[in-house]
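The values are calculated or read from the model by the stated rules, or taken from the named source; none is laboratory data. Nothing here was measured: the structure is a model prediction, and the numbers come from that model. Backbone-built Cβ (ideal geometry, glycine too); neighbour counts: all protein chains shown. Remember, those area values only see protein heavy atoms, side chains included, never the ligands or the DNA or RNA. Shrake-Rupley method; radii C 1.70, N 1.55, O 1.52, S 1.80 Å.
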Amino acid sequence: AVVGNVDPVEIRGVTLTRGLFSGGSLWGHGGAINNAGVLTIADSIISDCSSAGPAGGIYNAHTLTVENSRLERNSAGQDGGGIFNAAVNVRTAVTVVDSTIADNGATNGGGGIGNFGGDVFITGSTIRDNAGDKYAGGLWNMANGSLLALTNSTVSGNENHFSYAGGIWNQRGVARLHSVTIADNHAGAGGDRGIGGGIANDPGSTLEIGNSIVAGNAATDGVGPDCYDGGGANTVT
């Protein structure tokens, strides 16, 4: 499905499954949905969709709200197995409320959600059992100016197979985690290098954690199994 930028669109009580984006389209990416407008998805399921590029489930280029829904078993040939939020010409925003992002995968990184330069707000939700073949099994906040805000949520059972972050990789962005649980995530689950099992915070990044649990995560290299601070001009509060 392609959502344009003329009028707001709401999808409610719908299952979208086995969508496929094979590449080469002027409409961009997204195995199930490519959103360039204002889209709300509520009480719905998006599952088993795939994209040759970013966004196995939903590609967002404007404003997306996901409420009381599930994104499951979607896969991306690049980043963002469940959702990829790309801020290119406008400041984009994704809001996820009371939803589950689970069992999604990305060939590169951001198995659950990838955020490039926009805002992602997650409340009352679960990000679990997602995988990034290289980086960031759960969430990848990946560019200057990117904002990732989690509240009353759980990030668990996610894994990457090489390098940084089983749960969350904050790469040059701002991540604010309040009343969250980051547990049982694994960096380097494929037996390769693994750093920052729960959270990896890159140089030039800002990480704020409050009223939260970060525990029981693993890193194959043994470096920052729960939280890795990459040094440099980092800010961790």
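Multiplying the residue separation of E10 and D98 by 0.36 nm and removing their Cα-Cα distance gives an extension gain of 30.0 nm. Summing charges over all other residues whose Cβ lies under 11 Å from the Cβ of N68, with Lys and Arg as +1 and Asp and Glu as -1, gives -1. Rolling a 1.4 angstrom probe over the range 114-237 with all protein chains present gives an accessible area of which 48% lies on carbon and sulfur atoms. Relative to its residue count, the range 32-161 spans a Cα convex hull of 75 Å³ per residue. Given their separation in residues at 0.36 nm each and the Cα-Cα distance between them, L20 and A143 gain 41.6 nm when the chain is fully extended.
Computed over the range 44-88, the percent of Cα pairs more than 16 Å apart is 32.
Both numbers refer to the Cα atoms of the chain; Rg and Dmax are 15.9, 50 Å.
With Cα atoms defining each centre, the range 172-237 and the range 108-153 are spaced 12 Å apart in the structure.
What is the Cα radius of gyration of the range 154-237 over 2.2 N^0.38 Å, N being its residue count? The partial results should precede the final answer.
Details: Rg = 11.4 Å, N = 84, 2.2 N^0.38 = 11.8 Å.
For the range 154-237, the normalised Cα radius of gyration is 0.96.
The fraction of accessible area contributed by carbon and sulfur in the range 47-104 is 42 percent, rounded to a whole number (1.4 Å probe; ligands and nucleic acids excluded). Springs between Cα atoms under 10 Å define the GNM used for the chain, and in it the highest mean-square fluctuation of N35, N130, N104 occurs at N35.
Whole number in Å², please: accessible area per residue of the chain, 1.4 Å probe, ligands, DNA and RNA not counted.
Working: 8980 Å² over 237 residues.
Ligands and nucleic acids excluded, the figure is 38 Å² per residue.
In this calculation the C-beta distance from T123 to N211 is compared with R0 = 25 Å, giving a FRET efficiency of 0.95.
Report the full-extension gain for the segment T237 to D192: residue separation times 0.36 nm, less the Cα-Cα distance, to one decimal in nm. Kindly include the intermediate steps, with their values, before the conclusion.
Working: separation 45, 0.36 × 45 = 16.20 nm, distance 2.99 nm.
Extra length from T237 to D192 when fully extended: 13.2 nm.
Counting only protein heavy atoms and using a 1.4 Å probe, the accessible area of S22 comes to about 90 Å². Percent of C-alpha pairs per 5 Å bin in the range 139-181, short distances first: 6, 22, 26, 26, 17, 2.
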